[in-house]
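The values are calculated or read from the model by the stated rules, or taken from the named source; none is laboratory data. Please read these numbers as outputs of a predicted model, since none were measured by experiment. Neighbour counts are summed over all protein chains in view; Cβ atoms, including those assigned to glycine, are modelled from backbone coordinates with ideal geometry. These area figures cover heavy atoms from the full protein model, side chains too; ligands, DNA and RNA do not enter into them. Shrake-Rupley method; radii C 1.70, N 1.55, O 1.52, S 1.80 Å.
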Amino acid sequence: MRDQRRLRWSRVRRLTAACTVTLLLGSLANVASADPAPDRPASHPAAKAVLFDFDHGNAALEVVYPALQAQERSVISKDGSDITLIVDYGMLLETSWFDSIAPYHRTAVGIHSNLGRRPVSERTNRNKNTAILYTSYRIFNARIPQAAAAWREMMTAVGLDPDDRQENTRTAAGIGNLAARRVLEARWHDGMNRYGDEGGRQQAPYADYTGYEPVNTAYELRDPSHWQPAIVPHDDGTFEIQKFITPQMRLTTPYTYKDPARFHIPPPVNSNHHNQRGYKQQADEVLAASAALNDYRKMAAEFFGDKFMALAEAPGNAVIQDAHLDVEGFVQFIATIEIAIFDTTVAVWQQKANYDSVRPFSAIRYLYGDTPVTAWGGPGKGTVHDITGNQWRSYLPVTNHPEYPSGSTAACYAYAQAARLFLGSDKVHIAIPRKAGASIIEPGITPAKDLTLTYDSWTDFATTCGKTRVWAGVHFPSAVKASTDFGPQFGTRSYEFVQRHIHPDGAK
């Protein structure tokens, strides 16, 4: 499945990523040595083969992302759906990239630091790539230390010395190391509880310190209007009861505003079970979408359900190919996107905590119980007419937080707006090929034949993202509608914020 997800990467990235993953696995035996360039900063004296082109390549895209992909499922999110953790790691990494190359721009000032300005003669692709690699290495070791050996190999594989800890504004290595430290210091106590030391007591990293308690238990729906933790089965026969993931996200410091409570969306009136007509109507809409699932909708739902793929790899790769962004342009673009998604998620979590709204699976079980309904019957069963409300399941696994609004939809709309403003166009060419039988939910069955998911505009990308949340059975239509109006404002805010850091004097 991972190989299929990479089909759309650019030719350069495909080749380099393949080499990099090979290096990360330690398979270097038959690769010829390359002489390091004399001006390479902090070159490792015993470095192995150098397959990355510092002068013409893009280290973020060709070295850092493949290294992260090799670890991401085990260290961040196993299924790619825990959006708060994903956007937090992305924010730390990608804002550090911006800060690490700002000194090599004619006007830019870092988001978390002002590291000065380097002479024109030093504003080279080589220095920018070197700074990006050092700042990535420090961020990874600080936040994902359990993969330290992989991060070290990421550096030595391209000829850099991971033990070079200089922090200065004269060398690319020093700037990269210093930029990472400044980002980590700036975000240390921002409310996310990355180190488990928020709230006045020591806890596990990212633990809730707000005291959130669900109204319902996994076994008893005490109030059908509110969120119920799901019981999640594992392949080994064990089960896990969900917890609201990082409810403290709503208290985390955003970039483009001070208080998420300033943003409002209308309450989910149809999720109030006392509104019997509206409550049943929205549940029936989800059931109708479940019954109407086809191969295209299933594969689109899986694509947008994987936040790594939908909010990073696929659209980012399309932008690189279509807009021909260089290292600097790519870093500025990705910082704009990342801040848009981060600030959206903070505001969305404020609303999720406020409303604590019921998910479709709970409402359908409450309404229909042992009564048969027409819906998707489970993997490989297609649409059936005899499944009971208690047996109904969403096509995608239900995510571990309250339903309203849809965080995925809001993030997609924020992404689309930020990309539209940064690139100056609504046009994009995203194509996601899916081989027959490539489904994660219905492997070997869906799709019945090869198909390609295509999105020719950011509007189409965001609109389809929202629809898939209903197709997948994890959101009601009202949550998607509220998010389509809510998300774009953060894309605009992020674009303006990053542009102020690129052109602090207002001149372009």
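Observations
- Among residues of region 376-388 that are over 20 Å from Met299 (Cα atoms), those with a beta-carbon under 6 Å from a residue that is open to solvent by 50 Å² or more (accessible area, probe 1.4 Å) and part of a loop (DSSP other than H, G, I, E, B) at least six positions away or on a different chain give the pairs Thr388/Asp370.
- Residues satisfying the stated conditions in region 472-485, i.e. in contact with a Lys or Arg (Cβ under 6 Å, 6 or more places away or on another chain) and assigned to a loop (DSSP other than H, G, I, E, B): His475
- Any chance Arg262 is free of Cβ contacts under 8 Å to residues at least 60 places away in the same chain, within 24 Å of Asn216 (Cβ to Cβ) and either touching a strand residue (DSSP E or B) at 6+ places or on another chain (Cβ under 7 Å) or surrounded by fewer than 16 Cβ atoms within 10 Å (Cβ to Cβ) (or both): no
- Condition met for Pro402 (at pLDDT 95 or above, buried (at least 24 other Cβ atoms within 10 Å of the Cβ) and either in contact with an Asp or Glu (Cβ under 7 Å, 6 or more places away or on another chain) or among the hydroxyl-bearing types (Ser, Thr, Tyr) (or both)): yes
- Residue ID - most open to solvent (accessible area, probe 1.4 Å), chosen from residues in region 206-232 that are hydroxyl-bearing (Ser, Thr, Tyr) and more than 21 Å from Ile86 (Cα to Cα): Tyr219
- Matching option when the condition is on the phi < 0 side of the Ramachandran plot and touching an Asp or Glu at 6+ places or on another chain (Cβ under 9 Å), among Ile430, Ile387: Ile430
- Of all residues in region 141-167 being among the charged types (D, E, K, R) and modelled with pLDDT of 95 or more, the one that is surrounded by the most Cβ atoms within 10 Å (Cβ to Cβ): Glu153
- Of all residues making up region 79-108, the number that are more than 22 Å from the chain's Cα centre (by Cα) and more than 21 Å from Gln166 (Cα to Cα): 4
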